[in-house]
1. How much of the pair distance distribution for the chain lies past 24 Å, counting alpha-carbon pairs only, in percent?
2. First obtain the Kirkwood hydrodynamic radius of the stretch 126-175 from its Cα pairs, then insert it into the Stokes-Einstein equation at 20 °C and 1.002 mPa s, and state the resulting D in µm² per second as a whole number.
3. Would you grab the residues whose amide H sits under 5 Å from the one on Gly200? Only those 5+ places off in sequence or on another chain, please, with H modelled 1.01 Å from N.
4. With 10 Å bins from zero, work out the P(r) of the stretch 58-174 over every alpha carbon pair and list the percent per bin.
5. Placing +1 at every Lys and Arg Cβ and -1 at every Asp and Glu Cβ, with all other atoms neutral, what dipole size does the stretch 106-217 have around its Cα centre, in debye to the nearest 20?
6. Taking Cα centroids, how far is the stretch 8-49 from the stretch 138-217 in Å?
7. Show me, for the stretch 51-59, the HN-Hα J-couplings you get by feeding each phi into the Karplus relation (A = 6.51, B = -1.76, C = 1.60, θ = phi - 60°), rounded to Hz, glycine and proline as x.
8. Compute the distance in nm between two label points, each set 7 Å from the Cα along the Cα-to-Cβ direction, one at Ala24 and one at Leu146.
Amino acid sequence: MQSNRILALFKFGNRQHIDEFVGAGHLFMNTLKYFRERETKDILRSDKYEGTIHCKQTDGATLSIKQNDTWLKIGTIQGPILASDGSEENTNVFCMYAFMDNVSEKIDPKNFDFGDTYAILTDGDEFLLRVRKAAEREGLTLRHDLVEYVDRSTYNGVMGVFRKFSEFAYQSEFRISVVSYLKGPYSLRIGDLSDISLTGNLEELNDRIRIKRTDGV
């Protein structure tokens, strides 16, 4: 039975940025606000819903205002109500691709538009250990987890850093998050990762992946 485990963590990007990631362990972390305000034509990185903390389905509900003793209908609400609290200015994230053991296909090629190069961590546990140690040295509160994808037309509940709408599910994102209060990018350097990483041409990645299951499927 497949267990929905992370088999591998990838970082996609331009060669220069991947070299900095591998050679210096440079985790360049933009704010959620950065992604929220990206131009919409940048469909990979732009997400106007970043920083949403709660989603409430209200499609078809009516908005009214009381005038004297009479309620006057103003309009009908279309879609969900989304709440945010401004924390997107202070929350910085480093985004990776998580290759899961329950996948039926390889990596969605839409991810190949992130750049020309990939890095794969050959020891994800060691990588996260180094990340945690670096965060401790910097006095940062660090969180990391898979992103859960939910349907914007049906989901009710908490959103936050590790929950996004399902149109981004192809990115299979694993996030590392810190609160820096810089209101801008934060650079966390964890040291040389060349001992636990491999790099290659991003367009060739699916040709270099082989999935061999013990159950023969």
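1. More than 24 Å apart: 50 percent of the Cα pairs in the chain.
2. The calculation lands on 170 µm²/s.
3. Tyr118
4. 10, 28, 29, 17, 9, 6, 1
5. Once rounded to the nearest 20, the dipole reads 360 debye.
6. What the calculation gives is 10 Å, centre to centre.
7. x, 5, 9, 7, 10, 10, 6, 9, 4
8. Result for the modelled spin labels: 3.3 nm.
Every number here is computed from the coordinates shown, using simple stated rules; none is lab data. Note that the structure is predicted; figures quoted are calculated from it, not measured. Backbone-built Cβ (ideal geometry, glycine too); neighbour counts: all protein chains shown.
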